[in-house]
C-alpha cells in the first residue's frame, strides 16, 4: 500500500522502493492485481461510512451509536465489535464529556420525599417528568445563559424549555407553564433536585393546582436525577462541536437548534432507532403504548452490590 501510494502521489520509482523495502517486484505486482476479498471490500466501505458519519455529525458518535446509525440509515447489519475495531484503526472516537462543577446548596422552604427512588422507567407519556437548570458560558464575555428544561422519562422528549440570562424563579415557573400549556391534562410525578425554585411555596402551589405529585433528589445524590443530568451531558458534549459559537446570539441559536435536532433527528438505540418525537407521537396516537425497557447498566449493578446493603 505504501509503494502504491508514493508511486501514484509522489511518482517515486517502484524499483527503488522495492529494493529498499526488500520486496520483490513480482510480489508487489501480484498484490496489486489480486482480487480483493469480499470481507476486506466490506471493511473498506464501512470505513468510508464511519469517516463520513464522524465528519457529518461533528464527532458525537461513539462506536455503539455509530453502529446503530449506520445500520439504520443504510439498512445494514454490522456488529458493534466490527465498527469498534475499524474506528480504533482510524483513530475515530466520540467527544469526551467534561466534568461537572460542584454547586452550593441552598436552604429550602419546603422539601419533598424522593418518590422516584431512581425508578426512571415509565410505560406511557406524561407519567414521570424530570427537570433541572444548567448553565452555559458565553464565549468571550463574563456572562452566562441558563437553560431550564422538563423531559418526559417515557420517551426522553423535552416537554418544554426556556433560555434566560438569569437563574431565578421566573425561569423555572415559565418552563413549567409552557409544559402545562402543551400538556393540559398531564398529572405526572414531577422530579427535581432541591434548588430554591422547586422548593418555593409558589412552585408547590403550582404543582398542587395541577394535581401533580412532587419528588426531589436527596442532598448530594445527583444520580437521583440521572436522566436530566445525562441530558445536560449530551447537550454540552455534542452541541459545542456541532455549532460555531462566538457570542450570546450564536449560543442561543445553538441551544435551540440542538434541542430541535435532539427531539426530531437524533435516533436512540433504546427506542429501536427512533427519535424521541417519533416515540411520543406513536404513543399518543394509540391506547396501548409500546414498552421500552431500560437496559441494565452492569457498572451500576456492581456498584450497588458493593456499596448498597
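Residues considered: 286, 250. Of these, the only one that is surrounded by fewer than 18 Cβ atoms within 10 Å (Cβ to Cβ), assigned to a helix (DSSP H, G or I) and in the same structural domain as residue 163 (by TED's automatic domain parsing) is 250. For region 256-274, the candidate set comprises residues that are part of a helix (DSSP H, G or I) and either in contact (Cβ under 8 Å) with a residue 60 or more places away in the chain or in contact with a strand residue (DSSP E or B) (Cβ under 9 Å, 6 or more places away or on another chain) (or both); within that set, the residue that is nearest to residue 155 (Cα to Cα) is 271. Residue count for region 31-58 satisfying the condition of being under 17 Å from the mean Cα position of the chain (by Cα) and buried (at least 18 other Cβ atoms within 10 Å of the Cβ): 3. Across region 205-228, the qualifying residues are those that are in contact with a strand residue (DSSP E or B) (Cβ under 7 Å, 6 or more places away or on another chain) and assigned to a helix (DSSP H, G or I), and the one among them that is nearest to residue 65 (Cα to Cα) is 227. Within region 192-207, is even one residue within 30 Å of residue 273 (Cα to Cα), surrounded by fewer than 19 Cβ atoms within 10 Å (Cβ to Cβ) and either modelled with pLDDT of 95 or more or in the same structural domain as residue 265 (by TED's automatic domain parsing) (or both)? No, because not a single residue in region 192-207 is within 30 Å of residue 273 (Cα to Cα), surrounded by fewer than 19 Cβ atoms within 10 Å (Cβ to Cβ) and either modelled with pLDDT of 95 or more or in the same structural domain as residue 265 (by TED's automatic domain parsing) (or both). The helices (runs of 4 or more DSSP H) located wholly in region 1-94 that include 1 or more residues which are within 30 Å of residue 262 (Cβ to Cβ) occupy 38-56, 63-74, 80-89.
The values are calculated or read from the model by the stated rules, or taken from the named source; none is laboratory data. The model shown is predicted, which means the values in this text are computed figures rather than measured ones. FYI the Cβ positions are ideal-geometry reconstructions off the backbone, even for glycines, and counts take in every protein chain you see.
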